[in-house]
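Computed from the coordinates by the stated procedures, all read-outs in this text should not be read as laboratory data. Predicted model, so just to flag it, every value in this text is computed and none were measured. Neighbour counts run over all protein chains shown; Cβ positions are idealised from the backbone, glycine included.
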Amino acid sequence: MEYEIRPATLADVPGIAEVARHTWNVTYAQSIAAHNREQFLERAYSHYALRQAIRRESRWFYVALQMETVVGFAHYLRRFDAEGELARIYVHPDHQRRGIGRALLAIGLGAMAADGVGRCYVSVAVDNAGARAFYEKFGFRLRRTYGRFLGDQLIHLAEYVIPVTDFPDTRQRPTTRARRG
Ligand SMILES: CC(C)(COP(=O)(O)OP(=O)(O)OC[C@H]1O[C@@H](n2cnc3c(N)ncnc32)[C@H](O)[C@@H]1OP(=O)(O)O)[C@@H](O)C(=O)NCCC(=O)NCCS
C-alpha cells in the first residue's frame, strides 16, 4: 500500500488529532502519567491549536496518508533565521517501520534547506529508544540533555541537531512517497 506525503490542510485536523492521541498513549504509556498525557493532548492537539499551527507562518506541517486517512504527521518550525526545529513527528503504530518517518523527514528537511535553514533541532524523551534510534540513523547528533516539566512530571529530554543538508534526501528532490508496506 502506498503512502502519500503532502502539506497539511485544515481538513486534516481531525485525522492529525486522532493519530496524535493514539500514538501518544501507546508511546508514552509507561513513561508519562495518564493525567499529564491527557492535559498535554488537550492543549497541544485541540482542533483549535492544530488549526493555528497549520495556519502559522514560518512552519512546515506535513501529513502522511493511506487512502485519504491520516496515518502520520510532522511539524517543523523556524526558530531563528537559520535554525529550525522538528517540533513533532508521529506515525500511527500500525504504520511504523514502513518508511513514513523517513519520508516526513526528507520533505521537511528539504523544505527547510530550500528556505535557507541550516540546522534542525529535535528534542526527544531520553527513554524513547525507538525515536532516538530513528534520529541517529539519519545523522542527528546528540547535543545535550535537559529536563522539562510536563504537567507535574519532570521529563528528561535529549536534544539532537542535524545540518539539514546532511540528510541524504535533501541533496536531491524530497521524497514524496514512502515505500510499500
Ligand atoms: C519515530 C517514528 C516517527 C519513526 O517513524 P517510522 O515511519 O516508524 O520510521 P521509518 O520506517 O522511516 O524508519 C526508518 C529507520 O529508522 C530506524 N528506526 C525507526 N524506528 C525504530 C525503532 N522503533 N527502533 C529502532 N530503530 C528504528 C530504523 O533504522 C528504520 O529503518 P528499518 O525499518 O529499515 O530498520 C515513529 O516510529 C513514531 O511515530 N514513533 C512514536 C512517536 C515518537 O516517538 N515520535 C517522536 C517523538 S520525538
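Here are the numbers:
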quantity	calculated
Binned Cα-Cα distances of the chain, short to long, each 5 Å bin given as a whole percent	1, 8, 17, 21, 22, 19, 9, 2, 0
Among 146-159, 97-110, the order from most to least packed when residues are scored by Cβ within 10 Å on average	97-110, 146-159
Leading residue at positive end of dipole, region 53-149 (Cβ point charges), from V122, G101, G72	V122
Overall form of region 52-142 per C-alpha gyration tensor (a/c, 1.5; a/b vs b/c)	oblate
Chain lengthening between R6 and T69 when straightened (0.36 nm per residue, less Cα-Cα)	21.4 nm
Placed amide H near A8: partners under 5 Å, 5+ positions off or other chain	F61, Y62, V63
Separation of the Y146 and S31 label points, Cα + 7 Å toward Cβ, nm	1.8
Full-extension gain in nm, R43 to D81, via 0.36 nm per residue minus C-alpha separation	10.9 nm
Cα-based shape type of region 22-99, given that a ≥ b ≥ c are square roots of the gyration tensor eigenvalues and the cut on a/c is 1.5	oblate
Nearest-20 debye value, the chain charge dipole, Cβ charges on Lys, Arg, Asp, Glu	360
Peptides ranked, highest mean first, by Cβ atoms within 10 Å: ranges 122-128, 74-80	74-80, 122-128
Qualifying GluC sites (Glu not before Pro) in region 50-143, DSSP loop, other Cβ atoms within 10 Å at most 10	E57, E68
Estimated 222 nm signal from helices in the chain, with DSSP H stretches of n ≥ 4 weighted -39500 (n - 2.57), rounded to 500	-10000 deg cm²/dmol
The chain, relative contact order [Cα under 8 Å, separation at least 6], %	25
